[in-house]
Amino acid sequence: MKLRWRTAFVGAALALGACSGPAATSRPASHPHPVHAGGRRVGSVRCATVWDPTRGAISDGRVVFDGDRITAMGPAGSTPPTGEDVDLRPLFCMPGLVDAHTHLTSYAREEATDTMDRRREEATRNALLTVRAGVTSVRDLGGEEGVDLWLRARIGAGAVPGPRMQCAGSQIGADGPVGGPSAARMAVDAHVEAGFDVIKLFATGGAHDPIPLLTPAEIAAATEEAHARGARVAVHAITAAGIDASIAAHVDSIEHAQELTPEQAGAMAAAGITLVPTFYILRYYIEDAEHLGFTPEHVADLHRMVDRLVVPFEARFPAILATGVKVALGSDAFMALHGKNARELGYMVRAGMTPLQALRAATLSAAALLGWDGKVGTVVPGAYADVVAMPGDPRKDIAAVEHVEVVVKGGEVVRDDRR
């Protein structure tokens with residue numbers, strides 16, 4: 001990543017980003033590649049409760065694997081184990097989380113003079129922190145200089161642990177209009193040819209300076225080209241005008257959307273556009289300001305942005321939810337937020353979601369946004385063998401997802417705090 005990105009992000013205080021993927025082309029609608037993190041392979045897990053977003057909860061349940069796939073899920077008494085059966089009782093088990101907005105190549109106090117080795121080392125660490133937090137699949141929204149592609153290739157080869165990834169590459173429009181609709185189409189084509197599977201557009205600047213960036217015509221052209229090439233489109237949009245342009249273009253998701261109205265949310269619902277609200281990220285910067293090197297003046301500015309944009313957005317959120325708009329988890333993990341992805345769920349609940357709605361946003365809805373529904377974010381047969389276990393029941397207290405003790409990804413144990 002370029003230092004310019006970090007400066008712009010801090011000034012805007014909303015995600016610019018990082019994204020990773022192998023050079024080989026993979027499309028969001030295709031099945032995710034199995035990723036082995038080099039952990040202990042197991043045949044099944046038994047839990048006090050197994051919860052799935054489509055099938056509900058099973059008491060004393062078992063999830064059975066064949067390699068990296070799930071073959072059965074049901075009551076332990078009628079679901080025979082295979083291979084090494086790991087007894088996780090009394091823990092609560094659920095699918096691996098799916099985070100639809102991460103930035104794995106970002107790290108705190110990044111400098112333009114950092115070596116490629118340093119950038120790769122930080123990205124590798126971020127991937128490990130993310131998967132150990134129970135996030136087994138991500139949509140990583142932006143990246144430069146090849147660190148993203150390198151990271152996803154390493155994860156895919158089983159050389160380093162990390163989540164399955166979809167990637168956006170460099171973000172189109174972050175520097176302003178790209179030169180018209182034809183240039184927007186060319187930019188999309190270049191991304192697709194490079195092997196990226198999601199296109200990240202900037203309709204507006206960040207919260208600090210939410211000026212228009214891409215024109216509505218450029219957003220529409222880029223989206224049409226991306227869809228024709230089999231890629232999905234995520235749009236960074238803060239203002240009502242940016243949101244309107246994104247809806248008119250029929251993008252796949254709108255990120256942040258602090259000025260979103262219930263009327264616009266209704267239009268998103270009708271168009272099948274998913275909202276990724278990222279409530280926590282600005283507050284995270286305030287909480288971790290000393291570590292991030294933010295000045296008191298910058299922290300005061302962040303407080304003002306939260307009061308001006310986020311708090312009113314949260315107040316409107318129950319009315320937004322009532323429209324039926326799809327909502328997916330997006331932590332916007334940037335700088336040193338990696339591994340704390342699940343904190344976003346608590347803020348989604350605080351804004352008006354029930355814990356079950358938030359859990360579905362982090363599994364079913366996010367998986368569908370990635371085009372991986374039925375493959376991740378679920379523990380049904382045919383899905384990837386991703387299970388996370390925790391002492392508490394997040395259906396009762398969503399904060400339980402922040403205290404994961406066991407993570408199984410692709411049938412391999414990548415975290416087990418009991419051992």
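The values are calculated or read from the model by the stated rules, or taken from the named source; none is laboratory data. Remember, predicted model here, so these are calculated numbers, not experimental data. Cβ sites come from the backbone with ideal geometry, for glycine too, and all protein chains shown count toward neighbours. To get the accessible areas, we keep the full protein, side chains included, count just its heavy atoms, and leave off ligands, DNA and RNA. Shrake-Rupley method; radii C 1.70, N 1.55, O 1.52, S 1.80 Å.
A cut-off under 14 angstrom between Cβ atoms defines the neighbours of ALA220, and their net charge, with Lys, Arg +1 and Asp, Glu -1, is -4. For the chain, the antiparallel share of DSSP beta bridges with both residues in that region comes to about 50%.
Taking Cα centroids, how far is the stretch 267-302 from the stretch 118-136 in Å? Cα centres, the stretch 267-302 to the stretch 118-136: 20 Å. Report summary: the helix-based calculation at 222 nm, which adds -39500 (n - 2.57) for every DSSP H run with n ≥ 4 and divides by the residues of the chain, gives -9500 deg cm²/dmol.
The residues of the stretch 263-328 expose, per residue, 41 Å² of accessible area to a 1.4 Å probe. Counting protein heavy atoms only, the stretch 73-135 has 52 percent of its accessible area on carbon and sulfur, 1.4 angstrom probe. Nonpolar atom fraction for the stretch 283-346, defined as the carbon and sulfur part of the 1.4 Å probe accessible area, stands at 57 percent.
Highest average first, the peptides 286-292, 305-311, 93-99, 129-135 ordered by how many other beta carbon atoms sit within 10 Å of their residues are 93-99, 129-135, 305-311, 286-292. Helix 216-228 and the longest principal axis of the Cα set of the chain meet at an angle near 40°. Averaged over its residues, the stretch 97-154 has an accessible area of 33 Å² per residue, based on protein heavy atoms and a 1.4 Å probe. What translational diffusion coefficient, to the nearest whole µm²/s, does the chain have by Stokes-Einstein, given a Kirkwood radius computed over alpha-carbon pairs, a temperature of 20 °C and 1.002 mPa s viscosity? Value of D from the Cα-based Kirkwood radius: 102 µm²/s. Share of carbon and sulfur in the accessible area of the stretch 170-273 stands at 58%, probe radius 1.4 Å.
Lysine pairs in the chain whose alpha-carbon atoms fall under 29 angstrom of each other, counting only those eight or more residues apart or on distinct chains, come to 16. For MET186 and ALA271, the FRET efficiency from 1/(1 + (r/R0)^6), where r spans their Cβ atoms and R0 equals 30 Å, is about 0.70. Write down the percent of antiparallel bridges among all DSSP beta bridges whose residues are both part of the stretch 291-419, to the nearest 5. Counting DSSP beta bridges with both partners in the stretch 291-419, the antiparallel share is about 90 percent.
Residues of the stretch 158-215: accessible area per residue at 1.4 Å, in Å²?
32
Gyration tensor analysis over the Cα atoms of the stretch 145-204 returns equivalent ellipsoid semi-axes of 27, 11, 8 Å (largest first, whole Å). Across the stretch 153-229, the mean sequence separation of Cα contacts (distance under 8 Å, 6 or more residues apart), normalised by length, yields a relative contact order of 35 percent.
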